Amino acid sequence: MYDECLTGSYGAVKYFSDAKGNKLQLSEIYEQPQDGIDIYLIVDYNIQVAL
């Protein structure tokens, strides 16, 4: 249910290469990794006693 929000994303470095895999002198694109959000669970004693 909350997996998409709690899971972050990986970063990446994208660049151009030739057919042999050699890196070309063109601009790189850096995608910064993103942290997932935090979730806090709070247990209220009064609610627990009522149940």
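The values are calculated or read from the model by the stated rules, or taken from the named source; none is laboratory data. Model, not experiment: these values are computed from the prediction. Here Cβ is always computed from backbone atoms with ideal geometry, including for glycine, and neighbour counts include all displayed protein chains.
Of all residues in segment 29-51, those that are surrounded by 10 or more Cβ atoms within 10 Å (Cβ to Cβ) have Cβ atoms under 6 Å from Cβ atoms of residues that are polar (S, T, N, Q), 6 or more apart or on another chain, in Q34/S9; G36/T7.
The set of residues in segment 4-23 that are in contact with a strand residue (DSSP E or B) (Cβ under 6 Å, 6 or more places away or on another chain) and surrounded by 10 or more Cβ atoms within 10 Å (Cβ to Cβ) comprises G8, S9, G11, A12, Y15, S17, K23.
Scanning segment 14-28 for residues that are assigned to a loop (DSSP other than H, G, I, E, B) and either under 25 Å from the mean Cα position of the chain (by Cα) or in contact (Cβ under 8 Å) with a residue 12 or more places away in the chain (or both) yields Y15, F16, S27, E28. Among residues of segment 1-13 that are among the aliphatic types (A, V, I, L, M), those with a beta-carbon under 7 Å from a residue that is modelled with pLDDT of 85 or more at least six positions away or on a different chain give the pairs L6/G36; L6/I37; A12/E31; V13/E28; V13/Y30.
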